[in-house]
1. What is the one condition in (1) more than 11 Å from the chain's Cα centre (by Cα); (2) at pLDDT below 95 that ILE84 does not satisfy?
2. For ALA105, indicate whether it is surrounded by 16 or more Cβ atoms within 10 Å (Cβ to Cβ) and modelled with pLDDT under 95.
3. Return the pairs, sorted by first residue and then second, in which the second residue is part of a helix (DSSP H, G or I) and modelled with pLDDT of 75 or more, the first residue lies in the stretch 81-110 and is on the phi > 0 side of the Ramachandran plot, the beta carbons are less than 9 Å apart, and the residues are 6+ apart or on different chains.
4. Scan the stretch 36-78 for residues that are of a type outside the set (Gly, Ala, Ser) and over 26 Å from GLY103 (Cβ atoms) and jot them down.
5. Any chance the stretch 32-52 includes a residue that's crowded, with 17+ Cβ neighbours inside 10 Å and among the hydroxyl-bearing types (Ser, Thr, Tyr)?
6. Of the residues that make up the stretch 14-21, is at least one surrounded by fewer than 13 Cβ atoms within 10 Å (Cβ to Cβ) and modelled with pLDDT of 90 or more?
Amino acid sequence: MRGLRIAIFVMISLILMFTVAMAAGDVKKGKALFSDPKFGGGTAGISCNSCHPDGKGLEKAADMKGLEKHVNACIKGPLKGKEIDPKSSEMADIIAYVKSLKGRAPEETPKK
């Protein structure tokens, strides 16, 4: 009986860890989506990176509440796509990438 309890506990722990890991998103995949002009079914031929090269201007976005709504607003607006599910893996990945930009100093404007 004790062995069964341990097995169930281990199984539940693994499921929870996997769920948390999936919810956290993948920064590398998010960066790829950020540069993909087809992200969100976009038809404008531009990507997030077109307006925010290398994440420029998003250094403080990680602290924003409702970041998913802002991402979807950009997909619907400039990218001319369709909103993606806020609970999807794509959203988790793009949010993970945007959050990875936190605290990064904005690039200085090159001097002429």
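1. So the condition that ILE84 fails would be (2).
2. Criteria not met by ALA105.
3. Hits for this filter: GLY103/ALA62.
4. Scanning the stretch 36-78 gives PRO37, LYS38, THR43, ILE46, LYS76.
5. Within the stretch 32-52, one or more residues are crowded, with 17+ Cβ neighbours inside 10 Å and among the hydroxyl-bearing types (Ser, Thr, Tyr).
6. No - not one qualifying residue is present in the stretch 14-21.
The values are calculated or read from the model by the stated rules, or taken from the named source; none is laboratory data. Values in this document were obtained by computation on a predicted structure and should not be read as measured data. Methodologically, a virtual Cβ is constructed for each residue, glycine included, from the backbone with ideal geometry; neighbour enumeration extends over all protein chains shown.
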